[in-house]
Amino acid sequence: MSEMRSDGELLRAVTADGDRRAFEELYRRYAPWLAARMRTRCADASLVDDVVQETFLAVWHGTARWHEDAAGADAAGWLWRIASRRLVDALRGAGARGRLRQALARLRHRDEVSAEERVLAGVEHGDLAGALVRLSPELRAVLQATVVDGLTTREAAVLLGIPPGTVKTRAMRARRQLREALA
């Protein structure tokens, strides 16, 4: 049985030599501790697991650099600093995505007719109102989201629950049908 290596020896072996066994030992030694400590900062267990994995991937891929002089011999502190920064980044990103989802959900599930919908329904210039009515509900929904609400393709996809490519295809089809109806 081999002698247990110090944290510094493991980190040097991982960062300098890409030693897989050293990495596995480092992971076994610190992943449970890091996950437990992260859970005191974040209640989302899956996010904590992702952050722990990203932390160790950064160590393995060398994007997080171990400098024993700068970090001291404290591997736990060094790993904690990496993980805590990644957690903050993840929470910021999740917060922005969550706010976008909530805003889009409010747009999707509103009960009252918007001013834009009233304008579109009341348009009498040419035969636009009739052409809009003849569009399928799916095509009208894409036009509403992208033209009237001014959403990007990606935002419209989230709002409508369809892939971005489908949004683009439906928008193109709606424009073509409107051109044909108005020609």
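Brief remarks on what is shown
- Any pair with Cβ under 6 angstrom, 6 or more apart, that starts in region 172-183 at a residue that is within 12 Å of Val142 (Cβ to Cβ) and free of Cβ contacts under 8 Å to residues at least 24 places away in the same chain and ends at one that is of a type in the set (Phe, Trp, Tyr) and not in a helix (DSSP H, G or I): none
- Subset of region 165-179 that is loosely packed, with under 15 Cβ neighbours inside 10 Å and not β-branched (Val, Ile, Thr) - its residue that is farthest from the chain's Cα centre (by Cα): Arg179
- Test for Gly62: is it closer than 26 Å to Glu3 by Cα, at pLDDT below 80 and open to solvent by less than 30 Å² (accessible area, probe 1.4 Å): yes
- Arg12 charged (D, E, K, R), surrounded by 15 or more Cβ atoms within 10 Å (Cβ to Cβ) and modelled with pLDDT of 80 or more: yes
- Here region 45-58 is the region considered, the condition is being within 17 Å of the chain's Cα centre (by Cα) and free of Cβ contacts under 8 Å to residues at least 12 places away in the same chain, and the residue that is least open to solvent (accessible area, probe 1.4 Å) is Ala45.
The values are calculated or read from the model by the stated rules, or taken from the named source; none is laboratory data. Values in this document were obtained by computation on a predicted structure and should not be read as measured data. Cβ atoms come from the backbone with ideal geometry, glycine included; neighbour counts cover every protein chain shown. Protein only, heavy atoms only, side chains kept; ligands, DNA and RNA dropped before computing areas. Shrake-Rupley method; radii C 1.70, N 1.55, O 1.52, S 1.80 Å.
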